[in-house]
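*Asks:* Got a structure for you, questions after.
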Amino acid sequence: MAGGPARQYNNRLVRWIEYRLPIFSAVEATIGRDMPTPKNLNYWWSLGSVLFLALIIQIATGIFLAMHYIPNGAMAFDSVEHIMRNVNHGWLLRYVHANGASLFFAAAYIHILRGMYYGSYKAPRELLWIIGVVILVIMMATAFMGYVLPWGQMSFWAATVITNLFSAIPWVGSEITTWLWGGFAVDSPTLQRFFSLHYLLPFVIFGVSLLHVWALHVHGPTNPMGISARSKQDTVPYHPYYTSKYMSVIGLALIILAFFVFYEPLFLSHADNFIAANPLQTPPNIVPEWYFLPFYAILRSVPDKLGGVILFGASIAILFLLPWLDTSRVRSARFRPTYRYFFWIFVLDVIVLGWVGAQHPEGTPLLIGRLATIYYFAHFIIILPFVGWFERPRPLPESISKPVLKSGAAATEAAE
Amino acid sequence: MTRLRGMLAAAAVTLALAGGADRALAAEAEVAPPKHDWSFYGLFGTFERPALQRGYKVYKDVCSACHSMKFVAFRNLVDIGFTEAEAKALAEEYQVAGEPDEFGDPTTRPARLADAFPSPYANEQAARSANGGALPPDLSLITKARENGPDYVRALLVGYKDAPSGVAMAPGMNYNEYFPGHQIAMAAPLSEGIIEYADGTDASVEQMAEDVATFLHWAANPELERRHSMGFQTMIFLILLTILFWFVKQRVWRELDH
């Protein structure tokens, strides 16, 4: 993040600080005038900025919510209602926080799919990708624990179902579960530790995302062509070009968030969570939030509990191996005629899994879920390596600034 | 207790993971309540004050005999169009527990504006024993705690029928078209002429059901009107801001050869 040519600042205070702590030049070199960025980035590259915004929104609203929330089994549900009714604009804080989590995941999933489409995980950006997957895993843990805090029926039973997954571990499973709960069932001690961790983890995400940005700036972002910037002509400074380009996407993201917050704040939530947690009464269908549904479908597609847990873990862990499972040396799907179709089939597969995750796991949905689960893993383990070996990529353009090789590329193809 | 909870939890997890045996029950529940055109739906939706006040009367005279509403305070009644003096007078109709007196004996005092609506029963056991074992749910959040809450509440209140032949009713249960499983412990609470509205509106069962559903939706979403008006301002602001951002981008990139 450091580096770049030393800038001369006019402001004396800035100069004084810069001499002792070169923070201004570090920012310039990260998202400023000294960050050369490929000039052909499209709007799909803006999601990183949206994600940063989402994290800040979650932390900011969360800090204020924590001032009024009480992490105790007997008081949590009532304290959330206190926030909704008696705290000034408490309803706004809570609805922004609850819907902000959905914005966060939606942006993260698009960000990840962009990386998959354009091969952003390929050398030399494998670590950048892996750090991103680490962030995803922490995000999931944070979101899950946050969902437990309102202590409604879905909160309680989601906590029960998910913590019980650990009991599938052979020999020590039940001891681990008891240790996680801080007792013999999900109860106040569980809620209190979840609250503590839910407050801690966003700051861990913040730290790890700095690593993500650091790794990003070693080789710079990829671009829709997947070829490296060769000359100055291929790049523009991040500021003002991409700051201006991404601000409108941030505006759009805020419009979508505001629409949900003000007009459909409960669209993505579940009615059962407005019933206080009751350990003696199970809701008819325990479903997680929408962003966990594909993984939930994978979990439930296996008749064996341990098997389900293993596949569930593997469905995320396999992302760590993606840089090595994809054997193609061409990054961008733009030049990969075969992979391109498999990419969209994969997207469809994940959407199908999401639908299955919301259904009762029996009959047709269960069968579809099993097939979609098999395909999910086949995409990574079979399709990606084989497509990489057998696919004939289209010729790559010479450089970013000369993509208008259309005539040239056509000529090459015709010659072949 | 903890052991029982653990066992229940294990059973629930098995159910959740392996698919519900309660599926039959869920299937029976699928009688969708008819959609109603509520005044509070839509981008500019608001509550009609006369309907809210009539709904409060239905709640107070009928529902509150068995159902608590612990998250709503008397001071909130000002929001539905009562004056502060009227709300105070309504509060003082109730006696609530006061501070212990100088000898340490419990006392009661009239309710104040700051007090939540008092519960009809001292505790869950008392509520169950007075209602044939069933617990009347707290109504503060009822329209949020049910799918299509306002429609459901309204439909439920007018959905009482004679049980179709062939349906074996459990003792003390009533047949209701819209209740999951169709057997509800609550007897039909509304009937023609049970109350008289102060504003002269005909208190038909349909009218009372609609009014009380409106009131309950307000009780669950007291911020709704503020939320809608603030949402409109926020959306206008954000849309203008985004358009400006877009023009800035056009302006910045115009000079670049790309």
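The values are calculated or read from the model by the stated rules, or taken from the named source; none is laboratory data. Quantities reported herein were computed from a predicted structural model and do not represent experimental measurements. Don't worry about glycine lacking a Cβ; one is built from the backbone with ideal geometry, like all the others, and counts go over all protein chains shown.
*Asks:* Go through B:Glu192, B:Glu210, B:Glu223, B:Glu196 for me and flag whichever is farther than 30 Å from A:Leu41 by Cβ, in contact with a helix residue (DSSP H, G or I) (Cβ under 7 Å, 6 or more places away or on another chain) and exposed (fewer than 13 other Cβ atoms within 10 Å of the Cβ).
*Replies:* After ruling out the rest, the residue left standing is B:Glu192.
*Asks:* Would you check if there is a residue in the range A:186-204 being out of contact with any Cys (no Cβ under 8 Å at 6 or more places or on another chain), buried (at least 16 other Cβ atoms within 10 Å of the Cβ) and of a type in the set (D, E, K, R)?
*Replies:* There is at least one residue in the range A:186-204 that is out of contact with any Cys (no Cβ under 8 Å at 6 or more places or on another chain), buried (at least 16 other Cβ atoms within 10 Å of the Cβ) and of a type in the set (D, E, K, R).
*Asks:* Among A:Ile138, A:Ile110, which is the only one that is away from every other protein chain (no Cβ under 14 Å), out of contact with any Gly (no Cβ under 8 Å at 6 or more places or on another chain), modelled with pLDDT of 95 or more and under 21 Å from A:Gly308 (Cα atoms)?
*Replies:* That would be A:Ile138, the only listed residue that is away from every other protein chain (no Cβ under 14 Å), out of contact with any Gly (no Cβ under 8 Å at 6 or more places or on another chain), modelled with pLDDT of 95 or more and under 21 Å from A:Gly308 (Cα atoms).
*Asks:* Out of (1) surrounded by fewer than 21 Cβ atoms within 10 Å (Cβ to Cβ); (2) away from chain B (no Cβ under 14 Å); (3) of a type outside the set (Phe, Trp, Tyr), the odd one out for A:Lys305 is which?
*Replies:* Only one criterion is unmet by A:Lys305, namely (2).
*Asks:* Which of the helices (runs of 4 or more DSSP H) found entirely inside the range A:1-71 contain at least 1 residues meeting this: within 30 Å of A:Leu103 (Cα to Cα) and of a type in the set (Ser, Thr, Tyr)?
*Replies:* Of the helices (runs of 4 or more DSSP H) lying wholly inside the range A:1-71, those with at least 1 residues that are within 30 Å of A:Leu103 (Cα to Cα) and of a type in the set (Ser, Thr, Tyr) span A:23-31, A:47-66.
*Asks:* Oh, and also: Scan A:Gly115, A:Gly73, A:Gly100, A:Gly62 and give me the residue that is in contact with an Asp or Glu (Cβ under 8 Å, 6 or more places away or on another chain) and not acidic (Asp, Glu).
*Replies:* A:Gly73 is the lone residue from the list that is in contact with an Asp or Glu (Cβ under 8 Å, 6 or more places away or on another chain) and not acidic (Asp, Glu).
*Asks:* For the range B:57-71, indicate whether the set of residues that are over 16 Å from B:Pro120 (Cβ atoms) and crowded, with 18+ Cβ neighbours inside 10 Å is non-empty.
*Replies:* Initially, the range B:57-71 is screened for residues over 16 Å from B:Pro120 (Cβ atoms), giving B:57.
Still in the list and also crowded, with 18+ Cβ neighbours inside 10 Å: B:57.
So far as the range B:57-71 goes, yes, one or more of its residues are over 16 Å from B:Pro120 (Cβ atoms) and crowded, with 18+ Cβ neighbours inside 10 Å.
*Asks:* Show the residue pairs that are 6+ apart or on different chains and have beta-carbon atoms under 9 Å apart, the first residue being within the range B:220-238 and more than 9 Å from chain A (Cβ to nearest Cβ) and closer than 30 Å to B:Pro137 by Cα, the second being in a loop (DSSP other than H, G, I, E, B) and modelled with pLDDT of 95 or more.
*Replies:* Going by the 9 Å Cβ cut-off, the qualifying pairs are B:Leu224/B:Phe40; B:Leu224/B:Gly45; B:Leu224/B:Thr46; B:Leu224/B:Phe47; B:Glu225/B:Phe40; B:Glu225/B:Gly45; B:Glu225/B:Thr46; B:Glu225/B:Phe47.
*Asks:* Scan the range B:182-202 residue by residue and report those that are touching a residue at least 60 places away in the same chain (Cβ under 8 Å) and either among the aliphatic types (A, V, I, L, M) or over 28 Å from B:Arg49 (Cβ atoms) (or both). Show your work before the answer.
*Replies:* As a first pass, look at the range B:182-202 and keep what is touching a residue at least 60 places away in the same chain (Cβ under 8 Å): B:182, B:186, B:189-190, B:194-195, B:197-199, B:201.
Of everything in the range B:182-202, those that are touching a residue at least 60 places away in the same chain (Cβ under 8 Å) and either among the aliphatic types (A, V, I, L, M) or over 28 Å from B:Arg49 (Cβ atoms) (or both) turn out to be B:His182, B:Met186, B:Leu190, B:Ile194, B:Ile195, B:Ala198.
*Asks:* Within the range A:305-350, track down each residue that is in contact with a helix residue (DSSP H, G or I) (Cβ under 6 Å, 6 or more places away or on another chain), more than 30 Å from A:Ile169 (Cα to Cα) and among the aliphatic types (A, V, I, L, M).
*Replies:* Correct list: A:Ala333 only.
*Asks:* Return the residues of the range A:53-74 that are of a type in the set (A, V, I, L, M) and surrounded by 15 or more Cβ atoms within 10 Å (Cβ to Cβ); say none if nothing qualifies.
*Replies:* A:Leu53, A:Ala54, A:Leu55, A:Ile57, A:Ile59, A:Leu65, A:Ile70
*Asks:* Right, here's the next one. Condition test on B:Pro180, is it within 30 Å of A:Tyr95 (Cα to Cα) and either at pLDDT below 95 or in contact with an Asp or Glu (Cβ under 6 Å, 6 or more places away or on another chain) (or both)?
*Replies:* For B:Pro180, the condition - within 30 Å of A:Tyr95 (Cα to Cα) and either at pLDDT below 95 or in contact with an Asp or Glu (Cβ under 6 Å, 6 or more places away or on another chain) (or both) - is met.
*Asks:* Still on this structure: Has the range B:21-33 got any residue that is at pLDDT below 55, in contact with a helix residue (DSSP H, G or I) (Cβ under 8 Å, 6 or more places away or on another chain) and more than 15 Å from B:Ala111 (Cβ to Cβ)?
*Replies:* Within the range B:21-33, one or more residues are at pLDDT below 55, in contact with a helix residue (DSSP H, G or I) (Cβ under 8 Å, 6 or more places away or on another chain) and more than 15 Å from B:Ala111 (Cβ to Cβ).
*Asks:* Need a quick list: helices (runs of 4 or more DSSP H) entirely within the range A:94-205 having at least 2 residues that are out of contact with any strand residue (DSSP E or B) (no Cβ under 9 Å at 6 or more places or on another chain) and closer than 30 Å to A:Leu252 by Cβ.
*Replies:* Working: elements: A:126-148, A:153-164, A:173-181.
Here the list reads A:126-148.
*Asks:* Is it the case that B:Ala87 is loosely packed, with under 12 Cβ neighbours inside 10 Å, under 23 Å from A:Met84 (Cβ atoms) and touching a residue at least 24 places away in the same chain (Cβ under 8 Å)?
*Replies:* When the stated conditions are applied, B:Ala87 does not pass them.
*Asks:* While we're here: Run down A:Ser231, A:Ser244 and say which single residue is over 30 Å from A:His360 (Cβ atoms), free of Cβ contacts under 8 Å to residues at least 40 places away in the same chain and polar (S, T, N, Q).
*Replies:* Residue meeting the stated conditions: A:Ser244.
*Asks:* Considering only the range B:40-56, state which residues are away from chain A (no Cβ under 14 Å) and surrounded by 15 or more Cβ atoms within 10 Å (Cβ to Cβ).
*Replies:* First, pick out the residues of the range B:40-56 that are away from chain A (no Cβ under 14 Å): B:47-56.
Scanning the range B:40-56 gives B:Phe47, B:Glu48, B:Pro50, B:Ala51, B:Leu52, B:Gln53, B:Arg54, B:Gly55, B:Tyr56.
*Asks:* Sort out which residues of the range B:213-233 are of a type in the set (A, V, I, L, M) and in contact with a Lys or Arg (Cβ under 8 Å, 6 or more places away or on another chain), and write them in order of number. Reasoning before the result, please.
*Replies:* Step one: filter the range B:213-233 for residues of a type in the set (A, V, I, L, M), giving B:213, B:216, B:219-220, B:224, B:230.
Those that are of a type in the set (A, V, I, L, M) and in contact with a Lys or Arg (Cβ under 8 Å, 6 or more places away or on another chain): B:Ala213, B:Ala220.
*Asks:* Filtering the range A:235-289 down to residues that are in a helix (DSSP H, G or I) and in contact with a strand residue (DSSP E or B) (Cβ under 8 Å, 6 or more places away or on another chain), which residue is farthest from the other protein chains (Cβ to nearest Cβ)?
*Replies:* Taking the candidates together, the pick is A:Tyr238.
*Asks:* Another question, then. Given the conditions (1) without any contact (Cβ under 8 Å) to a residue 40 or more places away in the chain; (2) of a type outside the set (A, V, I, L, M, F, W, C); (3) surrounded by fewer than 16 Cβ atoms within 10 Å (Cβ to Cβ); (4) touching a strand residue (DSSP E or B) at 6+ places or on another chain (Cβ under 9 Å), which single one is not true for B:Gly166?
*Replies:* Only one criterion is unmet by B:Gly166, namely (4).
*Asks:* For the range B:75-85, state whether one or more residues are aliphatic (A, V, I, L, M), within 30 Å of B:Ala32 (Cα to Cα) and in a helix (DSSP H, G or I).
*Replies:* yes
*Asks:* Still on this structure, please answer the following. For the range B:173-181, does any single residue satisfy the condition of being among the charged types (D, E, K, R) and surrounded by 16 or more Cβ atoms within 10 Å (Cβ to Cβ)?
*Replies:* No, every residue in the range B:173-181 fails to be among the charged types (D, E, K, R) and surrounded by 16 or more Cβ atoms within 10 Å (Cβ to Cβ).
*Asks:* In addition: Within the range B:220-258, restricting attention to residues that are assigned to a helix (DSSP H, G or I) and of a type in the set (S, T, N, Q), which residue is farthest from A:Tyr242 (Cα to Cα)?
*Replies:* B:Ser229
*Asks:* So, in the range A:317-335, exactly how many residues are among the polar types (S, T, N, Q) and at pLDDT below 95?
*Replies:* 0
*Asks:* If I filter the range B:82-103 down to residues being at pLDDT below 95 and of a type in the set (Gly, Ala, Ser), which single residue comes out as farthest from B:Trp218 (Cα to Cα)?
*Replies:* B:Gly98
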